[in-house]
Amino acid sequence: MDIFSIPSQVWFGQLLIGLINGAFYAVLSLGLALIFGLLNIINFAHGAQYMMGAFLAWIGLTYLGINYWVALVLVPIVVGITGVIIERTMLKHLYKMDHLYGLLLTFGLALVIEGLFRHFYGVSGQPYSIPDSLKGGTNLGFMFLPNYRAWVVVASLVVCFFTWYMIERTRIGAYLRAGTENPELCQAFGINVPLMITLAYGYGVALAAFAGVLAAPIFQVQPLMGSNLIIVVFAVVVIGGMGSIMGAIATGLALGIVEGLTKVIYPPASSTIIFMIMVVVLLIRPAGLFGREQ
Amino acid sequence: MTSAVKPHSELLRVTDLHAYYGESHILHGLDFSLNRGELITLLGRNGAGRTTTLKAILGLVSRRTGSIIFNGQEILNLATHKIPHLGLGYVPEERGIFASLSVEENLLLPPQIRSDGMSVEELYEMFPNLAERRKSQGTRLSGGEQQMLALARILRTGAYVLLLDEITEGLAPVIVEKLGEVLTELKKRNYTIILVEQNFRFAAPLADRHYVIEHGHIEKVIEQADLAANMSMLHEYLGV
C-alpha cells in the first residue's frame, strides 16, 4: 500500500523515528518548562545536562561495569545533584534579575561542561550497546519495531505522565503551581519556597539526564549531542508555551512526529519545519499554544 | 501611646520599624503593639505604608530594621517562610487566590501551623458557597466568594493572629456585612486581628484601637472610646 506513491513501510518507519524524537523533545521540554515556570530561568545548560546523562551512563558501563538499568536510576540522581549544587551556588543569585542573566549563566555552564567532556573524551562518538533484554525487535506485520525504540517511547511517556500527575494532582504539585504563580504569598503561608525551587531545578535536570541515558544506545554518545538537540527543544517549548506542563509534553510528541513525516514528504524541510511552525505560532499566539497570556 | 497594655498579654510589639523595597524607604520608624484577642485597624491614605506594615511583619519586604517582637520572640531575622509558623495568617490585598489551583486546593494550600485550626467541614459550614464550588478554579469564584476563601484558607491552618489587607475592597454591601459578622465571630473566639481598611464604617465598630499611618509612621492612635470625639480629625487624615 502506497500513500503519495511512497511505500507505507517508509511512512511507518519515519513515524516511529518521529515518535522517538518526540519522546525526547517531550521529556526535555518538560524539564525546561518546569524550571522556567518556577525559577524564571531559561536553562540553556539543559542540553549539556542531557549529554552528561548519556556520558555518565557510558562511563559507568565502560569503567565501572554499571549496567543500563542501574544507570537509568542512578545517573539522573547524580546529575540531579549537580543541578542542586548549581542552583544553590549560582542560580539563586539571579532570580530577581532579568531573564537574560540566567540564560547567559546557564549558556556559559553548558560551554564549560561540554568543554570538559571534550577535553577528556574528544569529539568522536562512543558506542553504547543496547541492553540484552531489549535487543531485537518485533514484526508488527506492517513494519519491524525494534524493541529498544519501543521501550524509549514507553519509558518517556511514563515519566512524562508521572511528572504531570505529580504536578497537577498532588499536594506537592499544588505547592509547585502556587509557587510558580505567586512565590511571595506562598512564603507568607509558611511554604519553604527556596527549597522547592532547588528541588524543582534538581528534578528538571534529572529529567534531562534520564533522557540522556535513554538516548545513549540510540545516538552516538559525544560531548556535543545535547547542543544539537537543545535548540529544537527550545523551539518546542516556545511553541507549546513557556511554563505549561501538558503543553510541553503534547507539543514535544506532536512536533517529533511532524518532523518525522516531513522527512518523507519533503526531506529538505525536515530540519526547519519546527522553526517554521514556531514562527507561525508566535505570530498568531505569542504566548504559545498552551501558554497563558501575561 | 501603649500605656493601656498589660505586659503579660502583649502579643506583638513593633518598635522603630523601617522597611525598604529596594532603594525606596517606605516605613520610617513605626511603633505599635497589640494584645492577645484585640482587633486593631491601620488607617491611612493609599501609599501611606499600611500594606507595607503587614508585609514587613511577614518578612516580605527587601529589607527591614528595628524590632518586631512576636510572643516574646524577635522575628526580624527569621526566614520568611518560618514566620507564619509562629501563628500568623495573611490575607493579602486583592485576596491572592491562585488561578492554577481549584477552590479546595486553595483552601488546603497553606501548611497547618497548629493543630487547633478549623476543620474543612467546619469552614464549609461557615462558607457554604465554597463547598458547592470546591472543584472550580479558584479565580472563577465571585469577588465575595474569593474573599471568603482567602479567609477560610488561613483559619484552617490554626493561625491565631490574622493580618487582613483591604478585605472589603470592591465587594457588595451585603458581602461586607457578612464579613463583619465573620470578624465579630472571630473576635469572640479570641483571634487577634490587624485590619488594614479603607472602609472606615466597616472597621469602626469592630476595632479596639485605630492607628492612623502617614508617610510610613504612626501619626495618631485613637482608642475606640475616643472615636466619636476624633471623627472630624480622622476625616481630615483619611481624606474622606
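All of the numbers you see were taken from the coordinates with simple rules; none came from a lab. Nothing here was measured: the structure is a model prediction, and the numbers come from that model. All Cβ positions, glycine included, derive from the backbone under ideal geometry; neighbour counts span all protein chains shown.
Couple of notes before you dig in:
- Unmet requirement for B:R45, which otherwise passes all of (1) under 30 Å from B:L123 (Cα atoms); (2) outside any strand (DSSP E or B): (1)
- From the options A:I245, A:I265, A:I230, A:I172, residue that is within 14 Å of another protein chain (Cβ to nearest Cβ), at negative phi and in contact (Cβ under 8 Å) with a residue 60 or more places away in the chain: A:I245
- Filtered residue count, region B:90-99, keeping only those that are over 18 Å from A:I172 (Cβ atoms) and within 9 Å of another protein chain (Cβ to nearest Cβ): 4
- Residue in region A:6-24 that is closer than 20 Å to A:E114 by Cα and either crowded, with 21+ Cβ neighbours inside 10 Å or not polar (S, T, N, Q) (or both) present: yes
- Per this entry, B:I167 is not counted among residues that are touching a residue at least 12 places away in the same chain (Cβ under 8 Å) and within 14 Å of chain A (Cβ to nearest Cβ).
- Only residues that are touching a residue at least 60 places away in the same chain (Cβ under 8 Å) and in a helix (DSSP H, G or I) were counted across region B:213-240, and they come to 3.
- Looking across region A:233-260, the residues that are closer than 20 Å to A:H99 by Cβ and part of a helix (DSSP H, G or I) come down to A:V233, A:F234, A:A235, A:V236, A:V237, A:V238, A:I239, A:G240, A:I245, A:G247, A:A248.
- Residue list for region B:119-134, filter: under 20 Å from B:S100 (Cα atoms) and not in a helix (DSSP H, G or I): B:R133, B:R134
- Taking (1) under 17 Å from the mean Cα position of the chain (by Cα); (2) surrounded by 24 or more Cβ atoms within 10 Å (Cβ to Cβ); (3) within 17 Å of A:I218 (Cα to Cα); (4) not polar (S, T, N, Q) in turn, A:A71 satisfies each apart from (1).
- Meets criteria (within 22 Å of B:G138 (Cβ to Cβ) and not acidic (D, E)) for B:L58: yes
- For region B:100-158, taking the residues that are of a type in the set (A, V, I, L, M), at the interface with another protein chain (Cβ under 10 Å from one of its Cβ atoms) and touching a Phe, Trp or Tyr at 6+ places or on another chain (Cβ under 7 Å), the one that is surrounded by the most Cβ atoms within 10 Å (Cβ to Cβ) is identified as B:I154.
- Against the numbered list (1) touching a residue at least 12 places away in the same chain (Cβ under 8 Å); (2) not in a helix (DSSP H, G or I), A:A150 comes up short only at (2).
- Criterion violated by B:T15 - all others in (1) β-branched (V, I, T); (2) crowded, with 19+ Cβ neighbours inside 10 Å; (3) in a strand (DSSP E or B) satisfied: (2)
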